[in-house]
Amino acid sequence: MIKVFIDPGHGGKDRANRGPTGYIEADGVLDISLLLEKELLSTGAFQVGLSRRTDITLGLSERGRAAAEFGAQLFISEHTNAAGMVPNTTVRGTTVYESVDLKDEALGAQMSKSIAAALGIPDRGCHQRESVNYPGEDYYTVIDTAQDAGVPHVLLIESAFHDNADDEALLKSEAGLLKIARAQAAVICGFFGVKYPANKGMTVAEAIDIWAAAGVILDPDGMKKDFETGVFRPDRYSAFLIKSASFITNNKA
Ligand SMILES: [Zn+2]
């Protein structure tokens, strides 16, 4: 089993980050995390841990250490972004951070691209953010702690800007949250070489909906052939999943 540890950011005493019409980051990222867990478990290939399943207060280091204690092969800290300058910013889009000490740029770039494509918002890409006070360390304590404790792949995901009204509307809709979770699941499955979605009994229409929601680029002929054989393999047609094949090989432990 592949071990993935998901950290829904904030929660408990930390519920201050909100959108202009009532979205609360602590709750939104918990919903995304629980949906992502469900998608990953549906494949039968993952063991999933969460830092929290309810609205509780957790320290940043505590979250990263929990991922290492779980034996995570991949740690994801889930967030939504804020430009913070005005109540309703014009900034939109998806941003992903990798650790300054790891080489997750291809994975992070694909994650950002797929979430942005699924939501129809700008892809702001994968970045590193170095601590000002501690050069060579991550600015984000949660990913710094996880990688220091030995987790080999670490991402902090800012799926959209909750202080932009249009992005907030996506974050306030169940459909929007499911798109985010499925986009993330498709990229994680691609990274580890796991087939997604796992359900062989679905119709072409259902599979297209899931893949489109996950930002997967479809080849209609390949789809039809797979439907006839009853084996769905989005990794065969998706540009990003094919591209990820090299690091799938590199990361098979
Ligand atoms: Zn956050």
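Descriptive notes on the structure:
- Single condition GLU39 does not satisfy, out of (1) charged (D, E, K, R); (2) within 13 Å of the ligand (Cβ to nearest atom); (3) surrounded by 24 or more Cβ atoms within 10 Å (Cβ to Cβ): (2)
- Flag for LEU74 being more than 25 Å from ASP167 (Cα to Cα) and in contact with a Pro (Cβ under 9 Å, 6 or more places away or on another chain): yes
- Of the residues contained in region 70-90, one or more are found to be of a type in the set (Val, Ile, Thr) and under 12 Å from ASP7 (Cβ atoms).
- Any hit, region 2-20, residues being more than 14 Å from the ligand (Cβ to nearest atom), under 15 Å from ALA160 (Cα atoms) and either surrounded by fewer than 19 Cβ atoms within 10 Å (Cβ to Cβ) or aromatic (Phe, Trp, Tyr) (or both): yes
- Test: residue in region 55-69 that is closer than 27 Å to ALA175 by Cβ and small (Gly, Ala, Ser): no
- Odd one out for ALA26 among (1) away from the ligand (no atom under 16 Å from the Cβ); (2) over 14 Å from TYR196 (Cβ atoms): (1)
- Exactly one residue among ASP7, ASP55, ASP27 is in contact with a Lys or Arg (Cβ under 7 Å, 6 or more places away or on another chain) and either assigned by TED's automatic domain parsing to the domain that holds ARG92 or assigned to a helix (DSSP H, G or I) (or both), and that residue is ASP7.
- Look at (1) within 15 Å of the ligand (Cβ to nearest atom); (2) farther than 22 Å from GLY28 by Cβ; (3) of a type in the set (D, E, K, R) and you find that GLU105 fails only one, number (1).
- Cβ separations smaller than 8 Å between residues 6+ apart or across chains give the following pairs from region 35-53 residues that are closer than 18 Å to SER159 by Cβ to residues that are hydrophobic (A, V, I, L, M, F, W, C) and part of a loop (DSSP other than H, G, I, E, B): SER51/LEU58; ARG52/LEU58.
- Selection from region 68-85 of residues that are among the charged types (D, E, K, R) and more than 13 Å from the ligand (Cβ to nearest atom): GLU69
- Only helices (runs of 4 or more DSSP H) whose full extent lies in region 98-189 are considered here, and the ones with at least 3 residues that are modelled with pLDDT of 95 or more and in contact with a strand residue (DSSP E or B) (Cβ under 7 Å, 6 or more places away or on another chain) are 141-148, 165-171.
- Residues of region 10-21 classified as part of a strand (DSSP E or B) and among the small types (Gly, Ala, Ser), total: 1
The values are calculated or read from the model by the stated rules, or taken from the named source; none is laboratory data. Keep in mind the model is a prediction, meaning the values are calculated, not measured. Every residue, glycine as well, gets a Cβ built from its backbone with ideal geometry; the counts of neighbours run over all protein chains shown.
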